[in-house]
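Visitor: Encoded as structure tokens, here's the structure I'll be asking about.
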Amino acid sequence: MSKAGSATYFGSNSWLLEIAGLRVLVDPWLVEALVFPPGAWLLKGELQHPWPIPEQLDLLLLTQGLADHSHPPTLKRLPRSLPVVASPAATRVVKGLGFEHVTSLQPGEQHQIEGLNILASAGARVPMVENGYLLDWPEGSLYLEPHGVIDPALPKRCVNTVISPVSDLGLPLAGAFITGASVLPQLMERFQPRQILASTTGGDVRFSGLISRWLETSSSATVDQPLTSAVVTPVPGQPVMLEGA
């Protein structure tokens, strides 16, 4: 394994990060269906197969309180003693499920667990502003935000790895709510990452329901500078070695 660690993708927004000697589970949807209110007739997601719940976890990191990030059936499979760092909306979800050690971060706030520093950034507005995270540890650094949003308050700096969608996803007339392709040039200019791991719209997931018929995907990013970062489309379940500092 790389000294900087690894990232394993499970599809949708779900990742297992092995960094700073910690096993960090991010936005897990690993079992059962994903249903958005008011019901499956509107939008339902189904995994092609369930994923085993990772063992020996050290931290649960949640960007949003929506069900595709804080998936109640998956969260119920996790030990309630597992430490959690979450957006305020996700905090309400995990506290309602009985998690015992929850740190709620607003954009701009930080939390440290062992050798890992977690800085929350302003993420997608869905409808409240949710979180992205900038992670730093001695061997590496990583930025993740699941909708393709960059907080303008984040300084321009080098970040080894970026986890972001690389496509736009939206609805006719309403516009894009995932803006990975549009934001990719800004991510590259802001962070100069060595690698970009594609997320959010990937994995073996099938959607049904009324909204699923209208979803439109675009990957028409315009990059004015050479693509120096390695864009990796991860294979679900297979670890990707992270670039080090």
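Values in this text are rule-based calculations from the coordinates and carry no lab data. Remember, it's a predicted structure, so these values are computed and weren't measured experimentally. Don't worry about glycine lacking a Cβ; one is built from the backbone with ideal geometry, like all the others, and counts go over all protein chains shown.
Visitor: Which value, in debye to the nearest 20, describes the size of the charge dipole of region 1-121 about its Cα centre when Lys and Arg Cβ atoms bear +1, Asp and Glu Cβ atoms bear -1, and nothing else is charged? Don't jump to the answer; show the numbers that get you there.
Guide: Numbers: 8 positive and 10 negative charges, 37 e Å.
In total the dipole reaches around 180 debye.
Visitor: Residue by residue, what Karplus-based ³J(HN,Hα) values in Hz, rounded to whole numbers, does region 115-132 have, using 6.51, -1.76 and 1.60 with θ = phi - 60° and x for Gly and Pro?
Guide: With the stated coefficients, region 115-132 comes to x, 10, 9, 10, 10, 7, 10, 6, x, 5, 9, 9, x, 7, 5, 9, 10, x Hz.
Visitor: If you don't mind, there's one more thing I want to ask. Short version: ³J(HN,Hα) in whole Hz for each residue of region 95-104, in order, from phi by Karplus 6.51 cos²θ - 1.76 cosθ + 1.60 (θ = phi - 60°), x for Gly and Pro, what are they?
Guide: Values per residue, Gly and Pro as x: 5, x, 8, x, 5, 9, 10, 10, 10, 8 Hz.
Visitor: Subtracting the Cα-Cα distance from 0.36 nm times the residue separation, let me have the gained length for residue 112 to residue 92 in nm, one decimal.
Guide: Length difference between fully extended and current span is 5.1 nm.
Visitor: Under the Karplus relation 6.51 cos²θ - 1.76 cosθ + 1.60, θ = phi - 60°, what is the ordered set of whole-Hz ³J(HN,Hα) values for region 51-56, x standing for Gly and Pro?
Guide: 9, x, 5, x, 9, 6
Visitor: Subtract the Cα-Cα distance of residue 103 and residue 32 from 0.36 nm times their separation in residues, and report this length gain in nm to one decimal.
Guide: 22.9 nm
Visitor: Same structure again: List the aspartates and glutamates whose Cα lies under 12 Å from the Cα of residue 76, skipping any in the same chain that are fewer than 8 positions away.
Guide: 32
Visitor: Then there's this: Between residue 153 and residue 53, with labels modelled 7 Å along Cα→Cβ, what's the label distance in nm to one decimal, could you check?
Guide: The answer from the label model is 3.4 nm.
Visitor: Where does the charge balance sit around residue 232 when Lys and Arg score +1, Asp and Glu -1, over other residues with C-beta under 14 Å from its C-beta?
Guide: Details: positive: 194; negative: 243.
With Lys, Arg at +1 and Asp, Glu at -1, the neighbours total 0.
Visitor: Can you list the residues, at least 5 places off or on another chain, whose amide H is less than 5 Å from the amide H of residue 113, using H built in the peptide plane?
Guide: Residues meeting the amide H criterion: 118.
Visitor: If you don't mind, another one. If I model a spin label as a point 7 Å beyond the Cα along the Cα-Cβ vector, how far apart are those points for residue 77 and residue 126 in nm?
Guide: Once both label points are built, they end up 2.0 nm from each other.
Visitor: Note the per residue figure in Å³ for the convex hull of the C-alpha positions in region 24-124.
Guide: Normalising the Cα hull of region 24-124 by residue number yields 102 Å³.
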